1. Restricting to segment 75-113, name every residue that is touching a residue at least 40 places away in the same chain (Cβ under 8 Å), in contact with a strand residue (DSSP E or B) (Cβ under 8 Å, 6 or more places away or on another chain) and assigned to a loop (DSSP other than H, G, I, E, B).
2. Hey, can you tell me all the residues within segment 122-152 that are surrounded by fewer than 18 Cβ atoms within 10 Å (Cβ to Cβ) and assigned to a helix (DSSP H, G or I)?
3. If the requirement is being surrounded by 23 or more Cβ atoms within 10 Å (Cβ to Cβ), over 25 Å from residue 214 (Cα atoms) and in contact with a helix residue (DSSP H, G or I) (Cβ under 9 Å, 6 or more places away or on another chain), which of these qualifies: 313, 309, 285?
4. Going through 316, 298 one at a time, which residue ends up being free of Cβ contacts under 8 Å to residues at least 24 places away in the same chain and in contact with a strand residue (DSSP E or B) (Cβ under 8 Å, 6 or more places away or on another chain)?
5. Can you pull out the residues in segment 112-121 that are surrounded by fewer than 24 Cβ atoms within 10 Å (Cβ to Cβ) and either touching a helix residue (DSSP H, G or I) at 6+ places or on another chain (Cβ under 6 Å) or farther than 28 Å from residue 312 by Cα (or both)?
6. Within segment 196-236, which residues are under 16 Å from the mean Cα position of the chain (by Cα) and at positive phi?
7. Being assigned to a loop (DSSP other than H, G, I, E, B) and in contact with a helix residue (DSSP H, G or I) (Cβ under 8 Å, 6 or more places away or on another chain) is the filter here, so list the residues in segment 196-215 that pass it.
8. List pairs: first in segment 190-207 and loosely packed, with under 13 Cβ neighbours inside 10 Å, second part of a helix (DSSP H, G or I), Cβ under 7 Å, 6+ apart or cross-chain?
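The values are calculated or read from the model by the stated rules, or taken from the named source; none is laboratory data. Predicted model only: the values in this text are computed from it and were never measured. Counting neighbours? That spans all protein chains shown, and the Cβs are built from the backbone with ideal geometry, glycine included.
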């Protein structure tokens, strides 16, 4: 499932990125991943290196403009979308679940009724991490075959009528919170989360490559494919639009965006500009402070916070991507592979990030 995966490294403010990003990308492939991308940015400069193949067993090489599944790194984008709508007066940070979903879902438990957008985005609503397996299976299918907003109401009902997994105000990482937040936006606006984030985030930032679900087409290996571990070892490339190559479409606000690294850099530079007071007109300084200030010890709205760095990782069990942003030094790093055997992949990605962070 979509999840935040803590990096197994101590991240410090990076020195100059002296290691070759080409060599680092290749090292991930040498360690066993089909394909990899490493992106390093400082100011307006960006280095992107790729290695390996789009699908195990194919000769289709990863290309610089290829699309990568962000997994839970989508959450920071959903938070920015909500900030935009707050500034437009469409919703408020303190709007509650009961306020926007009370007339659509019967039996919302009282423990959730007064949870706000802030509670949901900071993982402090008490909601469980995910809906139950029966619900998820009932919502599975391709983007074209499902009605994502209607499915989000089904998902929201399943979790909002279920006993809390944590106390209100307690940190409990929850994909459900972001899905409920998306359903709240849809209830207010009458528009899908996909339409809203495209109009309010992707289009203003020029992120033309951004889309939803697994990238590519079924008939041609025209984009990287996610991979699952085989029953008897090895990896199986997952065909896009098979209904098994991503989480259900209703989970979009929690982690189903795909994008090129060039366009992801646009979003990360927006975050750097906001953190450093350079965002002239996209969001106010007040909104950026709200988005990037921890609620509690180490999680803001869509970003984990550690040692002055913003970080997040995402995986739908078929892809793995880690992003780290250092506002103080105006730098960022993204490392991704098109598989997600976490016990093997996570240390390798941590090694690459540490190498770039420490300039070795």
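1. Of everything in segment 75-113, those that are touching a residue at least 40 places away in the same chain (Cβ under 8 Å), in contact with a strand residue (DSSP E or B) (Cβ under 8 Å, 6 or more places away or on another chain) and assigned to a loop (DSSP other than H, G, I, E, B) turn out to be 93, 95.
2. 133, 134, 136, 137, 138, 150
3. Numbers: 313 fails: over 25 Å from residue 214 (Cα atoms); 285 fails: surrounded by 23 or more Cβ atoms within 10 Å (Cβ to Cβ).
Among 313, 309, 285, only 309 is surrounded by 23 or more Cβ atoms within 10 Å (Cβ to Cβ), over 25 Å from residue 214 (Cα atoms) and in contact with a helix residue (DSSP H, G or I) (Cβ under 9 Å, 6 or more places away or on another chain).
4. Numbers: 316 fails: free of Cβ contacts under 8 Å to residues at least 24 places away in the same chain.
The conditions single out 298.
5. 113
6. Residue satisfying the conditions is 213 alone.
7. Answer for segment 196-215, where residues must be assigned to a loop (DSSP other than H, G, I, E, B) and in contact with a helix residue (DSSP H, G or I) (Cβ under 8 Å, 6 or more places away or on another chain): 206, 207, 208, 209, 210, 213.
8. 206/266
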